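A short worksheet on the structure shown next.
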Amino acid sequence: MKRSTLSNWPLHLLLLPAVILLLVYCYGPMFGIVIAFQKFIPAKGFLGSDWIGFDNFRYILSLSDMREIMWNTVYISVMKIIAGVVVPLTVSLLLNEIRHRLFKRGVQTLIYLPHFLSWVILGGILVDILSPSTGIVNAFLGLFGINPVYFLGENSWFPYVLVISDIWKEFGFSTIIYLAALTGINPSLYEAAVMDGASRIKQIWHITLPGIRTIVVLLMTLSLGNVLNAGFEQVFNLYSPQVYDSGDIIDTYVYRMGLISAQYGPATAIGLFKSVISLVLISTTYYLAYKFAKYRIF
Amino acid sequence: MKRKFTGILIGAIIATLSLAACANNSNDKASPSPSQTSDAPASPTGSTGGKYDPPITLTTVNQSHPTVKYADGDTVDNNPWTREYEDRYGIKIKSLWSVDATQWEQKTNLMIATGDIPDFFQATPVQFKQLAEADLLHDLSAAYDSAPERVKSLLNEGGSAALDSAKIGGKLLAIPFTGTPKEGAQMIWIRTDWLKKVNLSEPKTMDDLLKISEAFTTQDPDGNNKNDTFGLAVDNAFSTLTGFFNGFHAYNNIWIKGQDGKLAYSSIQPEMKTALGILQEMFKNKQIDPEFGSKDFSKVIESIVSGKIGMFFNSPFSGLYPLQQNIDQDPNAEWKAFPIVSNDAEPAKNQAALGTIGYWVVKKGTKNPEALFSMLDMWTEIFYENKDPEINSKFVNDGNTEIWQMNKIAAYRAFKNTDQRIKVIKALDSGDTSDLTGDDMGVYDKIQKFEAGDRSLWGWNAIFGKDGSMGVTDQYRQLNAYLSDEFITSPLTLMSERSADMNKIQLETFTKIIFNAAPIDEFDKFVTEWKKRGGDAVTEEVNEWYANR
Amino acid sequence: MHYTTRPMRVFQWFNAFLLGLLALLCVLPIIHILAVSFSSSAAATAGLVRFWPIDFNVKSYEFVLSSGLFLKSLLVTLERVGIGVAVNMLLTLITAYPLSKDSERFKQRTIYTWFMLVTILFSGGIVPLFMIVRETGIMGSIWALILPGAVPVFNVILLLNFFRNLPKELEEAAFIDGAGHMSTLFRIFVPLSLPALATIGLLTVVNHWNAWFDGLIFMNSPDRYPLQSYLQTIIIQRDYSNMTEQDLKTMQLISDRTIKSAQIFLGALPILLLYPFLQKYFVTGITLGSVKE
C-alpha cells in the first residue's frame, strides 16, 4: 500500500489558485444578486436602492404573456438541446468511418466554419433563402409540387427554422469534442472485435458508443443548464411581431423590457430564476445518475 | 452548448443582462452631425469675456468615434478643440475614460453605480432623471441666465421643449443635447420616372397617393412584363409608415393632447384604425410586399434599391441613402420628395418627438459650471458660424477626419440643413458665392457637378437642390406642420414597467391587421387589451406628470 | 481492412456523399459573404450579390484596416490570447487533475466540483463584476480580460472526465515508481490526453479571440481594445428610421452590409487557420495504441 503514503494536501494545493480566483471574480460579484430584490437605480447604488422583496418576481409573473414566453423558450431550447447532441454525435460517428484522411479533414474544417458567422449577417441571408417568392428553399420544394411556405412568418414553422438553423451553425463546432472523445477509445478493442467477427454496426454499438458514453452524458447534463436559454442573438435577428406567438422567448422579452429604460431588477430576477432552474435540473440528473448507476457525471 | 463554451468569462445570465442593458443604446446612437456652417451672421468672437487664471481642470468621460483619427501626438485630452478651450478660456479637460458609442449607456451606468462621476458628462434621459432624484446634479439656472445669447438661441431653435425637459422642480439641472427631430420629419419619396410611365401627377391628397400605389403595383412600371412591383414600402417595425399614419391624423407611439386637455396615447385613437384599414386593403391588393413581416428596414431598402418599390415614407436625407444606391443601379431611376398628404380637408401634420440626444449634466459642487456654456459658445461659433476655411479645416474637417467630433460639449441646430439649402440655391441662381462658407461651398460644388452630368452626386441635389427634400422641410417649418409629442420627460415608473407588455400587443395587432390575418375590428380588442395591460394606469401616470410639470 | 463487403462499400460512398453535402451547405453561405465583402455598396444593398463579387472592390477592407486601431487591437488580442490561453490551460490542468480522483481517494473532490459548477450557473451581473474588477486594481489592464475568466470551469469539467477515462493502472504504476502528483500529471496524464487538450486549447483560443464585450467595458480607451471589440465598434448600429446626415454620408461610401462581411473575414481568418493545424492531434487511437489493458 504505497499509495497511502501520498497524502491529499498537494491536491488541495493544486486547487487553491482556482478556488481563490473563483471566490474573487465569480463568488465576489454574486452579491449583485440582491438586485433581484431591489428597485435598483445606478445613481443610488446597491446600498441606496430600495428593497422591494419579491416584487420583481411578482412583476414578471404579472406580465400577460409570461406563460407563452416560458413555453416558447422551453420548447425551442429542448429541441435545440436534443438536436445539439444527436446531430454532432451522428456526424462525428460518420466522420469516424471515413478513411480518406484528406477528405475527412476537409469536411471537418468546412463544417466548423459557420460557428464564426454572426446572426446579424445570417439573419439577412436566411430571409433571402427562405423567402416564399424568391427563396431557394421554396424553389426546391416547388420541384416536388409543394406550395411556397412562409418559414419566417408562420408560427407553425418558425421554431423549427430556429432549431435547424442553429444546428446548422453549431454542429460542426460541437463535433470537435466528440471527435476528441473518439480518439480516447482503445484501438485494441476494435481489433479484438474484428477477430470475433463483429460487424461494423456492432462495433459502433458495443465499443464506440460505450467508449464515449461518459462525455455524451456529461454534455447532455450540462446543456440542461440551457433549458431557459433559447438563443437570444439568433431569435432577435430572425423574429418579428408576426411570430411572437411562437418565437418570443425570455431573453428577447427581457431585452424589450429594457428598451425604454434599463430594468436591472426584473432582469436580474429572471437571471436568478434561470440559474435556480438550471441548478435544480443539473443536480437532479447528477443525483439520479449517482443513485441508480453509481456514477458521478462530473 | 456554445453558450457554455463561451460562457467562461461571464455566464449566460450576465450576457442576457448586458444584452438587455447595452441594447438600449440603439436609441441614442443617432448623432445628427451637420458639418456645414450656416448663414447665421458672424458674431464677435470671445464674447464670453474672462479666462480662468490659473486655468481650471474639468474631468469628463469621452465617447469615441470610429471615424475620428487623432493627429500624431494628439490625444483625447490634447487636440485642436481642447487646446482652443485652454487658449480661450483657460479650461483644461481630463478624460477619465473613453468608450465606444455603442456601450455608452452601459458604461456610464456602471460609472454611476460605482459613484465615480466626473465634473460633467453626457447622460441619457433616464440617467439624467435618476441623477437628479439622487440629488447629484448641480443647478445650472444661474449659469444659464448669464450664458451667451448665441447659446441660448441655439438651445431654443427647435422650440422651448428641449430646455423645459432639462428642468426639474423649476431648476435647470442639465443642458439638453438638442437634436433635429423636426428637420428629420418624414416625407413621401416617389419614383418620378415611374410616375410619368403610369401617367399620374404628384400626390396632393391621400386618394392621389393610393392611386399611385395601385398604379405602381398593377401597371408594371419597371416594364419587365412581370407583376413584381409594390406600391408602398412597409417594414416590420413600421418606421416607414409614420408619414403615412400622419396623413390620416394618426400618430404612432407618441402622447397627444386630447380635446379634454388631457394627454392620450396616439396609437389607440380611431384615426389609427382608419389608417390600418387602408393598409389592409393595400395588402389585399398586393400593393404591399406579402413578406413585409419578416423584413426590417435594411431588407426593405434592398427592395427599393433593386427597383421593386416606387414609394416610401422616410426622412429628407434618404436621397443620399438608400436612394443614391438605386440611382447607381438604374440609370433611368429618378426620385423626388413630396410633402405628406392628408385624407381630408385638414392639412396633415408630422409627428415630432422631443429628439434630445442626451443631457449634459454637471456634478453637484463643481466650481465652475458656467465653463460649460463658454465651451458650448465656442462650439456654436466654430461649427455653425465660422466662414474661414482655415478654421474649418483646423476644427471641423480637414478632408481626412471629422475633427469636430473632438469637441467636449455640443448641441445641434434644429434647421441647419434647411437653411443651408436656401443659401446654396440662392448662390446657384446668382452665381455669387461670396456668402457661402467652406462647407456650403462643398454642397454648391456637388450640385454643380451633378448638373454637369455626374449622377453619382444625385443625392446631394435631391436634398439640397432646387427641388430638394430640404425644400419640403422648409415648407413644413413655415406652416409649422408639426404635432409635437407632449411627453417630454424620461419614462415614468409604470411606463418603464409596462411598455414591453403593451407594445407587444400593439405590434402584433398592427402586423396581423395589415397582414390581413385579423379583421380590422381586432383593433378595438387591442385597445381594450392595451388598457387592461396597464395602458389606463400609464395614461393616468402620464397625466399626473403633465399636470405637475 | 474490414471494408470489403459490398454493403459496406455502398455505405462508404453514401456516407462520403452525405458529409460532402453537409460541408457544401456550410461553405456556400461563406462564399456568399466573401463575395458581398468584395462588392460595391450599391450591389450589396440591392441584394444582387450571389457567389461572385459585383463591381469588385476592396473599400470595405480599406475602411476596416485604414484606422491605426486595427493593428493596435490585433496586438492586444495576440497579447490576450497568449497570456490568457496559457493561464487558462495551466489552471485547467492543475484543477482538473485533483478533481479527477475518485471520491474514495479524495473525499472533498465533489464539494470542490460543485463549488466550481455553481459559478457557471449563477452570476451577479455586470455591475458587481465591474466593481470587483475596479477594486482589484486591474481595470484597463490586460488582466481585466484574463483574470475574471481565468478558471474555465466548463473546460475543467470536460478535462476531468477525459482524465477519469485514462487507465488507472498507469497512474498506480507511476506512484509505485515514486512519482509525485505533479510528475504524474505532466508525464502521464498530459501526453495521454493530447486530443482532449487540443480540443480544450482550441475552445480556449476561440473564446479569447471572439470575446468583445469585456474589452469594451473593462478597457478605458479604444487604444487598448482587443480586435473583436474594435471590429464591433466600426459597425455603427444605426437606427435606420432616424439616420442622420453624417451616417448617410458614411453609408454612401461603404454599406454596413459589405463592412460586416469584411469584418467577419478579418476577424475570423486567423482563428480559422488554427483548426486544420490542430487536427493532427485528433488521429484516432495513436495516443492510446501502446497501452494494453
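3J(HN,Hα) along segment C:29-43, derived from phi through the Karplus expression 6.51 cos²θ - 1.76 cosθ + 1.60 where θ = phi - 60°, amounts to x, 6, 4, 4, 5, 4, 4, 4, 5, 9, 9, 6, 4, 4, 5 Hz, with x in place of Gly and Pro. Charges were assigned to the Cβ only: +1 to each Lys and Arg, -1 to each Asp and Glu. The resulting dipole of the protein assembly as shown about its Cα centre is roughly 4700 debye. Using a Gaussian network model of chain A in which every pair of alpha carbons under 10 angstrom is joined by a spring, one finds that among A:K39, A:K202, A:K274 the greatest mean-square fluctuation is at A:K202. Any chance you could give the angle, 0 to 90 degrees and rounded to 10, that helix C:109-121 forms with the longest Cα principal axis of chain C? Computed tilt is about 10 degrees.
A simple charge model with +1 on the Cβ of Lys and Arg, -1 on the Cβ of Asp and Glu and nothing else charged puts the dipole of segment B:416-484 at about 220 debye relative to its Cα centre. Springs join every pair of Cα atoms under 10 Å in this Gaussian network model of chain A, and among A:W71, A:W157, A:W205 the largest mean-square fluctuation is at A:W205.
Pairs exceeding a 21 Å alpha-carbon distance, out of C:K59/C:K260; B:K171/B:K363; B:K446/B:K466; B:K167/B:K364; A:K274/B:K129: A:K274/B:K129.
For B:W97, the residues 5 or more places off, or on other chains, whose built amide H falls under 5 Å of its own are B:N62. Rounded to the nearest 0.05, the FRET efficiency derived from the C-beta distance between B:T114 and C:V10 at R0 = 45 Å is 0.10. With a cap of 14 neighbouring Cβ atoms within 10 Å, and only residues DSSP puts in a loop, list the trypsin sites (Lys or Arg not before Pro) found in segment B:440-548. Answer in residue order: B:K466.
Using Cβ point charges alone (K and R +1, D and E -1), the dipole size of segment C:68-234 about the Cα centre works out to roughly 140 debye. What the Cβ-Cβ distance of C:F56 and B:Q475 gives, at R0 = 30 Å and to the nearest 0.05, is a FRET efficiency of 0.10. Among C:G215, C:H32, C:L91, which residue has its Cα furthest toward the positive end of the charge dipole of chain C, with +1 on Lys/Arg Cβ and -1 on Asp/Glu Cβ? Checked the options; the winner is C:H32. Once the Cα-Cα distance is subtracted from the 0.36 nm per residue extended length, the B:I520 to B:N543 segment shows a gain of 5.3 nm.
Each stretch of four or more DSSP H residues adds -39500 (n - 2.57); spread over every residue of chain C, this sum gives -20000 deg cm²/dmol at 222 nm. Quick one: angle between helix C:126-135 and the longest Cα principal axis of chain C, in degrees between 0 and 90, rounded to 10, please. Tilt of helix C:126-135: around 70 degrees.
Report the one residue of B:I463, B:Y476, B:G431 whose Cα lies farthest in the direction of the positive end of the charge dipole of segment B:416-484 (charges on C-beta: Lys and Arg +1, Asp and Glu -1; origin at the Cα centre). Of the options given, the answer is B:Y476.
A Gaussian network model of chain A, with springs between Cα atoms under 10 Å, assigns the largest mean-square fluctuation among A:S199, A:S275, A:S174 to A:S199.
Which of the lysines could be linked to B:K308 by a straight reach, that is with a Cα gap under 19 Å, when you skip same-chain ones fewer than 8 residues away? In chain and number order, the partners are B:K196, B:K197, B:K211, B:K226, B:K284, B:K286, B:K295, B:K299, B:K336.
Residue by residue, segment B:184-194 carries 3J(HN,Hα) couplings of x, 4, 6, 9, 8, 9, 10, 6, 6, 5, 5 Hz when phi is fed to the Karplus relation 6.51 cos²θ - 1.76 cosθ + 1.60 (θ = phi - 60°); x denotes Gly or Pro. Just the Cα atoms of the protein assembly as shown, one point each, no solvent: what log10 I(q)/I(0) does Debye give at q = 0.07, 0.10 Å⁻¹? Summing over Cα pairs of the protein assembly as shown leads to -0.70, -1.39. Could you please state, rounded to a whole Å, how far the C-alpha centre of segment B:374-414 is from the C-alpha centre of segment B:80-103? When both Cα centres are located, 14 Å separates them. With only the Cα atoms considered, chain B has a convex hull volume of 182 Å³ per residue. When only Cα pairs below 8 angstrom with a gap of at least 6 residues are kept, chain B shows a relative contact order of 22 percent.
At what distance in angstrom do the alpha carbon centres of segment A:78-121 and segment C:120-141 lie from each other? Between the Cα centres of segment A:78-121 and segment C:120-141 lies a distance of 35 Å. Estimated from helical segments only, the mean residue ellipticity of chain A at 222 nm is -20500 deg cm²/dmol, where each DSSP H run of four or more residues counts as -39500 (n - 2.57). Measuring gaps between exposed loop sites in chain C (chymotrypsin sites (Phe, Trp or Tyr not before Pro); DSSP loop; at most 14 other Cβ atoms within 10 Å), the longest gap, sites not included, is C:57-293. Modelled spin labels at B:T401 and A:I82, positioned 7 Å past Cα toward Cβ, are 5.7 nm from each other. Taking 7 Å steps out from each Cα toward its Cβ at B:S146 and A:L143 produces label points 8.1 nm apart. Between A:A198, C:V10, A:P88, the Cα set farthest toward the positive side of the dipole of the protein assembly as shown (charges on each charged residue's Cβ, about the Cα centre) is that of A:A198. Compactness ratio for segment A:39-293: Cα radius of gyration over 2.2 N^0.38 Å (N = residue count) comes to 1.25. Of all lysines in the structure, those lying under 16 Å Cα to Cα from A:K294, and not within fewer than 8 positions of it along the same chain, are C:K101, C:K107. Of the trypsin sites (Lys or Arg not before Pro) found in segment A:87-142, the ones in coil according to DSSP and having at most 11 other Cβ atoms within 10 Å of their Cβ are A:R99. In chain A, which helices (entire DSSP H runs) extend 18 Å or more along their own long axis, judged by Cα positions, while averaging at least 0.0 on the Kyte-Doolittle scale? Membrane-span-like by this rule: A:9-22, A:66-97, A:158-182, A:209-223, A:264-293.
Where a number appears in this text, it was derived from the coordinates with a stated rule and is not lab data. Computed from a predicted structure; not experimentally measured. Glycine also receives a Cβ, built like all others from the backbone with ideal geometry; neighbour counts cover every protein chain displayed.
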